[in-house]
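What follows is a structure written as structure tokens; I'll ask about it next.
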Amino acid sequence: MRILQQHLDFIEYEPREKEIAAAEDAEKKKYRYEEIVVLFTSVEKGDDDETAKEAVAGVKDFLGKLKVNRIIIYPYAHLSQNLARPKEALEILRTMEKYARDAGIETYRSPFGWNKAFQIKVKGHPLAEQSRVYSHAGATPVVVAAEKPEKVSGERKVGLTEEQMLARIKKSDFAGLPDTDHRVIGERLDLFSFQEPSPGMVYWHDKGVKLRNILIEFVRGELAKLNYVEISAPILANTVLWKVSGHWDHYKDNMFITYLGDEQFGLKPMGCPSVMLYYRTRRWSFRDLPLKVADFDALHRNELSGVATGLFRVKMLTQDDAHIFVTEEQIEGQIEELIDLIAKLYGVFGLEYSLKISTMPDDHIGTKEQWDRATESLKKVVAAKGLGYALKEKEGAFYGPKIDVEIKDSIGREWQCATIQLDYQQPRRFRLTYTGPDGKEHTPVVIHRVVYGSMERFIGILTEHYQGKFPLWVSPVQVRILSVSDESRDYAKKVLEGLKAAGIRAEGDLESGTIGGKIRNAQLQKVPYMLVIGAREKAGETLAVRSRDGEVRYGIKHDEFVADLRKKIDEFA
């Protein structure tokens, strides 16, 4: 049995259609539960009553740490490729439900065998997510990925044959989703796809890569003004690294683990331990601080599959990550600078957001005095900026308090994107020092921060915010050239080459076809500008400019159009 257990602010789901004949009866209505732990559960072959009992015992322990007593068992087949037969799985789920109620847990269960639309909001504290695997053969929850594989002769058996794998490589299946959903928009605009060989990970297409790179270069430009340096570190490291940092006890269940010889390695789920190693490569003086270190490395987290929530929750992600090494006296000034940076970047996109300050969790490292001092620093700066905030008691990172910035999306959901976290612990654990004005060694404080947060989540939010009509400066394709006839094709090619030479992201639709059809296709692709090139434009060496909103201007000179575009683009880019 595989379970992903998450502490939620809420879960809301609606049964849509029965997926299998053995599906339970259920009402097609919306169900909503707040302040609850959801158990996304896959029942596997060989699971029995003892497996269900062991799983409930593990959940009971998890609930005790969270100090909550409310669960919903949510059948979720996507966690396993070794599923039990539907009838057997349903019986095990019912048994789990019974054991949970007998244990005094307030228990609910989502209907089995249905295609359901759902939304969740996961809490931000370190214990909010844990994955567990329960075996009917033993009484201890195990994490299969962390077990060292035995040596075997010949090829290792895999779950799918080559033919099965090829059969599963297909377009993403987003049937039943509204047209306003970023997964539907992203597929139509050819930005990305999800493929079963890499569950919960994004396959970025050419236009999606362009969009992501544009956003990264935009924030890089802002960081250059603020004197950041940028590094990159390996995605694979010995797990001792996370034991030194303190992450292992809190995040190992969500890590991808492998072995090289007899040593255990992991794909990095966060970048901070690697940055601590970078700091250790030389000696630093107080004159070098604040030291602002950015990176855009890929991270891997074995969390809930991204297919369920698209770009909003993925197993492989990229963050605009940075760590700022400061003295005590520099903390408040740097936090103020970060709040200004967030306000500037979010303001460019017209995003509505709110601030939350998260305090010391029960499961933490460091002294209460350190935590109180760090928390007061965050509150003081936010108050000085005249900003309101909500307090999230006991939801800080295990190493320090934080400011979380939550963006409200197009349908009112809140997503945590930017974060500012104060950390007194990792510098001590890695024995980081700088030479102070007194000539003595001192320990720096580290500010962890992201602005976009997960690039995947931020792009998902922007896609829905703009409904695919991205502003000109971030549009993967800014102009599409449409030839009216074969006779105007040569001039259309010349226009296309001129736009590309001017740094405009342009493409051509120059093959045979009706101009009405070409305009319709460009509008469906949400291209900001279409240049219609016919005999009149060729003769006068002009352009007919059509915006995606339907405005048309004739007789526009090439240089005039490029200058106007460059002015609009350069305002942001």
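Where does the chain land at 222 nm, in deg cm²/dmol rounded to the nearest 500, when only DSSP H runs of n ≥ 4 count, each adding -39500 (n - 2.57), divided by all residues?
Here the helix-only value at 222 nm equals -10000 deg cm²/dmol.
Express as a percent, rounded to the nearest 5, the fraction of DSSP beta bridges in the chain (both residues included) that run antiparallel.
Here the antiparallel bridges make up roughly 75 percent for the chain.
Can you give the Rg/Rh ratio of the range 215-297, where Rg is from the C-alpha atoms and Rh is the Kirkwood radius?
For the range 215-297, the value is 1.04.
If you take the C-alpha gyration tensor of the range 251-333, multiply each eigenvalue by 5 and take the square root, what semi-axes do you get, largest first, in whole Å?
Here the semi-axes work out to 30, 19, 9 Å.
Distance check, please: which entries in LYS29/LYS344; LYS53/LYS121; LYS225/LYS526 exceed 30 angstrom between their Cα atoms?
Pairs exceeding the cut-off: LYS29/LYS344; LYS225/LYS526.
Quick one: net charge around GLU337, please, counting Lys, Arg +1 and Asp, Glu -1 for every other residue with C-beta under 12 Å from its C-beta.
Spelling it out: positives minus negatives among the neighbours equals +1.
Once label points are set 7 Å from the Cα along Cα→Cβ at both HIS558 and THR367, what is their separation, rounded to one decimal in nm?
Output for this residue pair reads 7.2 nm.
Please give the charge dipole size of the chain, origin at the Cα centre, charges +1 on K and R Cβ atoms and -1 on D and E Cβ atoms. Round to the nearest 20 debye.
Its charge dipole is roughly 520 debye.
Something else about it: Give me the base-10 log of I(q)/I(0) for the range 2-144 at each q in 0.11, 0.17, 0.22 Å⁻¹, Debye formula, one uniform scatterer per Cα, rounded to two decimals.
Each listed q corresponds, in turn, to -0.37, -0.93, -1.56.
Nearest 0.05, what FRET efficiency do LEU524 and ARG429 give at R0 = 60 Å with Cβ-Cβ as r?
E(calc), rounded to 0.05, equals 0.65.
Taking only the alpha carbons of the range 367-469, what extent do you get along each of the three principal axes, in Å, biggest first?
Taking max minus min along each principal axis of the Cα atoms, the range 367-469 gives 57, 25, 24 Å.
Just grab the label-to-label distance for ALA343 and ASP179, each label 7 Å out from Cα along the Cβ direction, in nm (one decimal).
So the two model labels end up 3.9 nm from each other.
If N is the number of residues in the range 533-573, what value comes out of its Cα radius of gyration divided by 2.2 N^0.38 Å?
In units of the globular-protein estimate, the range 533-573 measures up at 1.29.
Further, regarding this structure: Could you give me the percent of Cα pairs per 10 Å distance bin for the range 479-570, shortest bin first, beginning at zero and ending with the bin that holds the maximum distance?
18, 57, 25, 1
What is the order of TYR399, TYR134, TYR74, TYR491, fewest Cβ neighbours within 10 Å to most?
TYR491, TYR74, TYR134, TYR399
Now, a different point. Which residues' amide hydrogens lie under 5 Å from the amide hydrogen of GLU19, considering only partners 5 or more residues apart or on another chain, with H built in the peptide plane?
Those qualifying (amide H under 5 Å, at least 5 residues apart or on another chain) are TRP114, ASN115.
Given R₀ = 60 Å, what would the calculated FRET efficiency be for SER354 paired with GLU541, taking r from the Cβ atoms and rounding to 0.05?
With R0 = 60 Å, the Cβ-Cβ based efficiency is 0.70.
Taking amide H atoms as placed 1.01 Å from N in the peptide plane, list the residues 5 or more away in sequence, or in a different chain, whose amide H sits under 5 Å from that of GLN195.
Counting only residues 5 or more places away or on other chains, the set is MET201, TYR203.
Values quoted throughout were computed directly from the atomic coordinates according to the rules given, and no laboratory measurement underlies them. Given the structure is predicted, the values throughout are model-derived calculations rather than measurements. Positions of Cβ are generated from backbone atoms using ideal geometry, with glycine treated the same way; all protein chains shown enter the neighbour counts.
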